[in-house]
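Peer 1: Can you read through this structure? Questions will come right after.
The values are calculated or read from the model by the stated rules, or taken from the named source; none is laboratory data. From a predicted model like this one, the values you see are computed outputs, not experimental measurements. Cβ placement follows ideal geometry from the backbone for every residue including glycine, while neighbour counts extend to all protein chains displayed.
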Amino acid sequence: MKTDRLIGILSILLQEEKTTAPRLAERFEVSRRTINRDIEVLCKAGIPVRTIQGTGGGISIMDGYRVDRTILTSKEMQMILAGLRSLDSVSGSSCYSRLMEKVQAGSSEFVSGRDSMLIDLSSWYKGSLAPKIEVIQSAIENRHLLQFRYYSPSGESTRTIEPYYLVFHWSSWYVWGWCTSRRDYRLFKLNRMDCAAETESDFVCRDAPVPDLSCEKIFPGEIQVRALFAPEMKWRLVEDFGPDCYTEADDGRLLFSAGYTDLDNLVTWLMTFGAKVEVLEPAGARDMLRRNAEETLRIYTE
């Protein structure tokens with residue numbers, strides 16, 4: 001895993017006066033090009049790594065630099081390790097446990113006590129999710145095109161993208177990249193992907209923007225919804241939209257108001273409430289719900 005390798009390279013540079021890219025490549029079983037990119041990442045992170053070409057050259061950290069762990073409190077370190085542990089939950093590696101051993105070496109009192117924060121990012125799809133994440137991470141790291149089968153409301157398609165970011169948002173995993181068929185940046189949900197494969201085709205990195213994941217951008221909320229929900233559905237409204245999404249009507253039902261992006265998705269969501277909801281607007285949602293109810297009744301009547 002890249003994070004674990006970066007930590008390992010930094011550990012070697014702190015312990016040894018000088019090393020070389022071939023030696024690091026052999027140690028971590030990667031290419032020299034990958035090591036060069038790792039050194040570039042460390043430099044961007046503010047670690048003064050210097051490289052000297054030619055005979056007697058190598059990779060080292062500038063004199064006088066050291067990592068002072070005392071700048072972090074025990075609580076802050078626990079937070080960092082909780083985050084690393086959460087990555088282990090989907091990577092299939094043991095980055096967290098190996099890093100814990102390095103941090104505790106000679107400073108067992110620094111990270112002490114029982115862990116108080118547990119984060120598992122793997123979701124229900126851990127068996128299929130971890131391999132996808134591993135493939136995508138490798139493609140991003142090696143700058144190889146990523147190919148996969150994608151299932152969306154508009155149908156199935158084979159996509160090829162330049163992958164730039166793995167994203168965990170809205171309780172799901174996504175990959176953000178440049179889609180070669182759409183000629184634009186797209187966000188793809190991993191649970192809708194199948195047959196993800198790293199190709200041998202290189203790509204030249206674009207100045208890829210960080211994806212704008214604000215709700216206003218992804219879910220513009222152009223459809224205004226008003227509906228009355230049975231009081232026992234309050235927990236679902238709070239879970240999905242928060243406690244400020246409704247007011248209590250005179251008859252005790254909950255008057256829900258919100259913006260929604262897509263009419264089909266709206267109707268699908270409303271149907272999960274069955275007879276516990278009455279839609280007031282938009283009229284299009286009322287019509288679709290009525291037709292769906294009639295078709296469902298016809299199936300079970302027959």
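Peer 1: Yes or no: region 220-231 includes at least one residue that is surrounded by fewer than 12 Cβ atoms within 10 Å (Cβ to Cβ) and touching a Lys or Arg at 6+ places or on another chain (Cβ under 6 Å).
Peer 2: Within region 220-231 (the criterion being surrounded by fewer than 12 Cβ atoms within 10 Å (Cβ to Cβ) and touching a Lys or Arg at 6+ places or on another chain (Cβ under 6 Å)), the answer is no, since none of the residues qualifies.
Peer 1: Tally the residues that are more than 17 Å from Ile61 (Cβ to Cβ) and touching a Lys or Arg at 6+ places or on another chain (Cβ under 9 Å), restricting the search to region 15-31.
Peer 2: 4
Peer 1: Here's a follow-up. Just checking, which of Ala285, Ala275, Ala293, Ala258 is assigned by TED's automatic domain parsing to the domain that holds Arg226 and more than 36 Å from the chain's Cα centre (by Cα)?
Peer 2: Values: Ala285 fails: more than 36 Å from the chain's Cα centre (by Cα); Ala275 fails: more than 36 Å from the chain's Cα centre (by Cα); Ala258 fails: more than 36 Å from the chain's Cα centre (by Cα).
Being assigned by TED's automatic domain parsing to the domain that holds Arg226 and more than 36 Å from the chain's Cα centre (by Cα) holds for just one of Ala285, Ala275, Ala293, Ala258, which is Ala293.
The rows are residues; the columns are (1) out of contact with any helix residue (DSSP H, G or I) (no Cβ under 6 Å at 6 or more places or on another chain); (2) in a helix (DSSP H, G or I); (3) more than 30 Å from Val175 (Cβ to Cβ).
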position: Asp212; (1), (2), (3): yes, no, no
position: Arg226; (1), (2), (3): yes, no, yes
position: Glu232; (1), (2), (3): yes, yes, yes
position: Asp240; (1), (2), (3): yes, yes, no
position: Ser257; (1), (2), (3): yes, no, yes
position: Thr268; (1), (2), (3): yes, yes, no
position: Ala275; (1), (2), (3): yes, yes, yes
position: Glu294; (1), (2), (3): yes, yes, yes
position: Tyr300; (1), (2), (3): yes, yes, yes
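Peer 1: With (1) out of contact with any Pro (no Cβ under 9 Å at 6 or more places or on another chain); (2) closer than 27 Å to Lys132 by Cα; (3) hydrophobic (A, V, I, L, M, F, W, C) as the list, and Ile52 as the residue in question, which single condition is left unmet?
Peer 2: So the condition that Ile52 fails would be (2).
Peer 1: Taking Tyr246, is it under 23 Å from His169 (Cα atoms) and touching a strand residue (DSSP E or B) at 6+ places or on another chain (Cβ under 6 Å)? Steps first, please.
Peer 2: On the way: under 23 Å from His169 (Cα atoms): no; touching a strand residue (DSSP E or B) at 6+ places or on another chain (Cβ under 6 Å): yes.
In short, no.
Peer 1: If you check Thr268 against the conditions, is it within 23 Å of Phe188 (Cα to Cα) and not hydrophobic (A, V, I, L, M, F, W, C)?
Peer 2: Working: within 23 Å of Phe188 (Cα to Cα): yes; not hydrophobic (A, V, I, L, M, F, W, C): yes.
Yes.
Peer 1: Separate question: Between a first residue in region 139-150 that is farther than 16 Å from Asp194 by Cα and modelled with pLDDT under 95 and a second residue that is of a type in the set (S, T, N, Q) and not in a loop (DSSP other than H, G, I, E, B), which pairs have beta carbons less than 9 Å apart while being 6 or more apart in sequence or on different chains?
Peer 2: Qualifying pairs under 9 Å: Glu141/Thr34; Asn142/Thr34.
Peer 1: Continuing with the same structure: Considering only strands (runs of 3 or more DSSP E) fully contained in region 155-207, which possess at least 1 residues that are under 11 Å from the mean Cα position of the chain (by Cα), surrounded by fewer than 19 Cβ atoms within 10 Å (Cβ to Cβ) and of a type in the set (Gly, Ala, Ser)? Talk me through it step by step, then tell me what you get.
Peer 2: Working: elements: 155-169, 172-179, 184-189, 193-202.
Qualifying strands (runs of 3 or more DSSP E): 172-179.
Peer 1: Continuing with this model, one more query. Being of a type in the set (Val, Ile, Thr), touching a strand residue (DSSP E or B) at 6+ places or on another chain (Cβ under 6 Å) and surrounded by fewer than 16 Cβ atoms within 10 Å (Cβ to Cβ) is true for just one of Thr19, Thr51. Which residue is that?
Peer 2: Only one candidate passes the filter, namely Thr51.
Peer 1: So, one more: For region 11-36, which residues satisfy the criterion of being modelled with pLDDT of 80 or more and over 16 Å from Ser138 (Cα atoms)?
Peer 2: Ile12, Leu13, Lys18, Thr19, Thr20, Ala21, Pro22, Arg23, Leu24, Glu26, Arg27
Peer 1: When the residues of region 214-224 are filtered to those that are assigned to a loop (DSSP other than H, G, I, E, B) and at negative phi, which remaining residue is modelled with the lowest pLDDT?
Peer 2: Residue satisfying both the conditions and the ranking: Phe219.
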